[in-house]
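> Take this structure first; my questions come after.
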Amino acid sequence: MVWSNLIKKGLSLRLLQPAVKRNFWSFPGKATFSSLASDVTLDRVDLRSAPLTTLSEDEEMMRDTVAKFAAEQILPLVSEMDRKGEMDKDLIQAMFDQGLMGVEIEAEYGGTNSTFFSSILVIEELAKVDPSIAVPCDIQNTLNNRLIRQHGTEEQKNLYLPMLATSTLSSFCLSEPEAGSDAFAMKTVAEQKGDYFLINGSKCWISNSAEAGLFLLFANASPEKGYRGISCFVVPRDTEGFDIGPKEDKLGIRASSTCTLNFDNVKIPAKNLLGELGQGYKYSIEVLNEGRIGIGAQVLYILNKFYSLALPSFSYQHDLTSFF
């Protein structure tokens, strides 16, 4: 059975294999602009740039699969979710079932076992239909899954990666009322007490927090060291002393939840420390650099969608003839 037929039957991303190597610099021919200009007048030279990336067959299949899923299962719900400011719970699970939330997670943990580039393709296609759906996919794939894959112990990987790949949404908890990218202003502290940490403080503007089951929290375990004391902890939703505030009533991306988190003497086992003590700031910057690529992909394909919707109107106006 060919890939196109599988896609028509609702192919899950889980069935797609990692892509083959791509030619990132596939400029056609070796002729320079100056050599072309010597033979052709300027208005006849094709100045369009060649694409920096050529999708492999598997990547095209993946893109088409996600586009089909978005059109059939997300698009009919967009208006209602935006009106309510709430994400459809069945849709969240459908995204897991399609393999969209664990794109790079290895197959042994229930993931799709694909590439970062594939994650971006998924985010792009979701953003075309509704950026509210692209946001949790972006955070899960480019931030939280990557943090645990890169810095988790074997015990943590075995516990958390299957959850993140198949059923559990997560949040990345860095920003505070007085500290966004300014790590020196972070007030949330994690005081070590033997085999556990006692966490106090708050986080704000945290995406996915109304639905998330796991929270990757950045707190300072050694405030006197500044950013060198920041560490990352895995906090389950039902932890005592952990409170999730009401959702923000936003102007846009309304179905994606954004909440304030409060930590009041939250007791976290030392085994929930992710990576090394004091390396949290470094970890956050590493993954945020990739997460921003995901944000760029969302914006690009939102604009792409706007353009495709507006183009018929532009064409109509271009064809109009004015009579005076």
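Laboratory data are not the source of any read-out in this text; all were calculated from the coordinates shown. In this text the structure is predicted, and so the values were computed from the model without any measurement. Glycine also receives a Cβ, built like all others from the backbone with ideal geometry; neighbour counts cover every protein chain displayed.
> Any chance you could get the radius of gyration and Dmax over the Cα atoms of segment 171-275, in Å?
Gyration radius and largest Cα-Cα distance of segment 171-275: 13.4, 45 Å.
> Compute the distance from the alpha-carbon center of segment 169-245 to that of segment 98-131, in whole Å.
The distance from the Cα centre of segment 169-245 to that of segment 98-131 comes to 26 Å.
> Rg to Rh ratio, segment 106-166, alpha-carbon atoms and Kirkwood radius? Don't skip to the answer; put the middle values down first.
On the way: Rg = 12.1 Å, Rh = 12.0 Å.
Value, to two decimals: 1.00.
> Kirkwood-based Rg over Rh for segment 56-168 (C-alpha set), two decimals?
Reported Rg/Rh (Cα atoms, Kirkwood Rh): 0.98.
> Next question. Report the FRET efficiency, 1/(1 + (r/R0)^6), for residue 55 and residue 84, where r is their Cβ-Cβ distance and R0 is 25 Å, rounded to 0.05.
0.10
> Assign one of three labels to segment 105-253, namely rounded, prolate or oblate, based on the Cα gyration tensor with a ≥ b ≥ c the square roots of its eigenvalues; rounded applies when a/c is under 1.5, prolate when it is not and a/b is larger than b/c, and oblate otherwise.
Oblate, since a/c reaches 1.5 and b/c is not below a/b.
> While we're on this one: Sort 116, 197, 96 so the one with the fewest other Cβ atoms within 10 Å of its own Cβ comes first. Write down the numbers at each step before the final one.
Numbers: 116 14, 197 22, 96 19.
Taking fewest neighbouring Cβ atoms as first place, the list is 116, 96, 197.
> How many nm separate the modelled label positions at residue 178 and residue 307, each set 7 Å beyond the Cα in the direction of the Cβ?
So the label points at residue 178 and residue 307 sit 4.5 nm apart.
> When the label point is put 7 Å from the Cα of residue 193 along its Cα-to-beta-carbon vector, which residues of segment 259-286 have a backbone N closer than 14 Å?
264-270
> What's the exposure ranking of 121, 309, going from fewest to most Cβ atoms within 10 Å? Write out the running numbers ahead of the final one.
Values: 121 23, 309 9.
Taking fewest neighbouring Cβ atoms as first place, the list is 309, 121.
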